[in-house]
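Notes to accompany the following structure.
Every number in this text was worked out from the coordinates using simple rules, so none of it is lab data. Everything numeric in this text was worked out from a predicted model, so none of it was measured. For neighbour counting, all protein chains shown are included, and Cβ atoms are generated from backbone atoms with ideal geometry for every residue, glycine included.
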Amino acid sequence: MSAKRQYFGTDGVRGVANKHPMTPEFVMRLGQAAAKVLGQGASRKGARPCCIVGRDSRLSGDMLEAALVAGLNSMGVDVHLCGLVPTPAVALITQQEGASFGAVVSASHNPFYDNGIKFVGGDGYKLTDDEELLIEAAMTNEALLANRPHETSIGRTHVLQGSAERYIAHAMASMQSRRLTGMKIALDNANGAASFTSTETLKRLGAEVIPFHSSPDGANINLHCGCTHPEIIEALVTQTGAQVGVSHDGDADRVALCDELGQRLSGDELIAIAVVSMLRKGTLRESTAVVTTMSNYGLDDLVTGMGGKVVRTDVGDRYVIAAMRKQDLNFGAEESGHIVFRDHASTGDGLIAALQILKIMAETGEPLSELRKVLTPFPQAKRNLRVKSKPAIQELEAANALIIQTEKKLGRLGRVLLRYSGTEPLIRLLIEGRDPEYIEDQAGKIAAAIQEQIGV
């Protein structure tokens with residue numbers, strides 16, 4: 001399909017709660033459409049379709065969960081409620097239960113006044129663009145949604161007891177009996193969905209856990225805490241004398257780690273630590289890792305030097321996962337902290353990712369300050385420029401002429417990336433290469449050309 005999605009973004013439908021499209025009326029309609037598109041398989045087999053639903057801790061979660069459930073029930077879908085659990089827990093339980101699909105009421109790292117709905121298929125993987133387009137089309141198909149079940153065919157709702165415990169058990173099993181005894185960990189749960197699960201998992205693995213921001217009240221999720229505020233976990237590690245800091249976002253599908261010196265690791269450093277360990281153990285399938293265009297080319301230099309390969313995708317963990325599935329690979333990640341260990345999870349999982357890095361620390365006896373040295377990133381020059389319009393990139397003639405010149409000079413030892421923000425009136429420029437002075441100079445020239453044509 002070539003159509004553009006109207007409501008779905010890179011991670012579900014998202015917006016300010018109680019304003020279009022995140023109103024109860026819209027969400028109920030979204031639930032009805034999802035039921036028609038994602039529940040068809042169960043209906044054809046004569047079974048009643050089932051959806052697993054979880055949510056994060058934001059205040060509007062109760063309201064929008066109720067609306068979503070009403071929409072699903074009205075189309076004959078049974079709903080099993082997991083309550084407050086991380087996004088990856090919904091994906092896991094959807095798989096375990098053999099459900100038709102799963103849904104999460106969450107706006108991830110956004111502030112509390114936002115909320116969103118995202119779906120996974122019965123296999124626990126995020127939907128494709130085509131599936132999301134089908135749901136959007138169903139939302140406007142009055143005839144399709146008018147054909148509703150009656151009497152005993154109306155869906156029912158049940159609370160799925162022990163959802164958090166099931167997720168904790170799965171996370172612990174991913175450690176393959178490796179314990180974290182004696183490891184002192186500062187943990188920032190962002191007052192979100194991981195407030196219970198991550199704390200309990202790390203404690204049960206023997207770590208000394210010092211949890212912070214683990215008292216969600218509906219309005220404090222991601223508020224001056226969590227992995228979008230790395231300075232917080234850096235300060236907490238320094239204050240507590242922890243050996244490592246772990247920081248989640250609101251729905252715990254991402255993670256940031258901080259070393260014992262109080263310095264946060266970049267996403268690429270976490271990727272490098274994981275990939276090098278897997279290459280050495282021979283557990284990296286096809287010796288190939290999947291990353292996005294945002295990852296530093298120093299990563300390619302490292303991996304290819306060890307006989308491995310790096311595959312790149314567009315920005316978005318859904319595209320990373322799609323590439324992993326297509327080539328049957330078991331590791332992929334975004335620099336932003338979405339890390340997918342596909343042997344243990346079907347989606348980005350902040351707890352699983354943290355555990356796998358902590359496992360490497362336990363196995364090697366090395367602190368993160370040493371492990372991170374495996375990556376030597378190429379220097380980067382970045383510009384985020386406000387724009388008054390967003391013409392096609394190829395229409396930026398003066399900037400493109402400079403980009404061609406720059407790419408020719410950099411050759412295989414660098415790159416230029418120019419893209420619009422999907423959510424703001426910004427264009428983002430990144431140049432990477434071995435000569436920091438050259439790339440800064442070229443970034444200035446390209447930025448000036450862009451500003452002259454479309455700058456605010």
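Some observations on this one:
- When you restrict to C-alpha pairs under 8 Å that are six or more residues apart and normalise by the size of the chain, the relative contact order lands at 12 percent.
- Per-residue Karplus couplings for the range 3-8, computed as 6.51 cos²θ - 1.76 cosθ + 1.60 with θ equal to phi - 60°, are listed in order as 5, 9, 6, 8, 10, 6 Hz, Gly and Pro entered as x.
- Ranked by the mean number of other Cβ atoms within 10 Å of their residues, highest first, the peptides 26-32, 173-179 fall in the order 26-32, 173-179.
- Compactness check for the range 83-161: Cα Rg over 2.2 N^0.38 Å is 1.27.
- Antiparallel %, DSSP beta bridges [both residues in the chain], to 5: 55 percent
- Zero-based 10 Å bins, Cα pair distances in the range 267-374, whole percents: 16, 54, 29, 2
- Among the listed pairs Lys281/Lys326; Lys126/Lys373; Lys382/Lys409; Lys359/Lys382, those with a Cα-Cα distance over 28 Å are Lys126/Lys373; Lys359/Lys382.
- For the range 380-454, the convex hull drawn through the C-alpha positions has a volume of 77 cubic angstrom per residue.
- Sorted by Cβ neighbour density within 10 Å, fewest at the top, the residues Val69, Val105, Val16, Val255: Val16, Val69, Val255, Val105
- DSSP beta bridges confined to the range 8-161 are antiparallel in about 45 percent of cases.
- Cα gyration tensor category, rounded, prolate or oblate, for the range 287-328 with a/c compared to 1.5: oblate
- Reach of Lys36 by Cα under 16 Å, taken over aspartates and glutamates that are not fewer than 8 positions away in the same chain: Asp78, Asp130, Glu131, Glu132, Glu136, Glu142
- √(5λ) per eigenvalue of the Cα gyration tensor, the range 208-297, largest first, Å: 28, 16, 12
- 3J(HN,Hα) along the range 344-356, derived from phi through the Karplus expression 6.51 cos²θ - 1.76 cosθ + 1.60 where θ = phi - 60°, amounts to 10, 8, 9, 8, x, 9, x, 6, 4, 4, 4, 4, 5 Hz, with x in place of Gly and Pro.
- Protection proxy ranking of 202-208, 412-418, by the mean of other Cβ atoms within 10 Å over each peptide's residues and highest first, is 202-208, 412-418.
- DSSP bridge orientation in the range 252-397 - percent antiparallel, rounded to nearest 5: 40 percent
- Beyond 16 Å, the tail of the calculated P(r) for the range 166-258 holds 51 percent of the Cα pairs.
- Sequentially through the range 440-447, phi angles give Karplus couplings (6.51, -1.76, 1.60; θ = phi - 60°) of 5, 4, 5, 4, x, 5, 5, 4 Hz, Gly and Pro residues having no value and appearing as x.
- Hull volume per residue, based on the alpha-carbon atoms of the range 1-106 and their convex hull, is 105 Å³.
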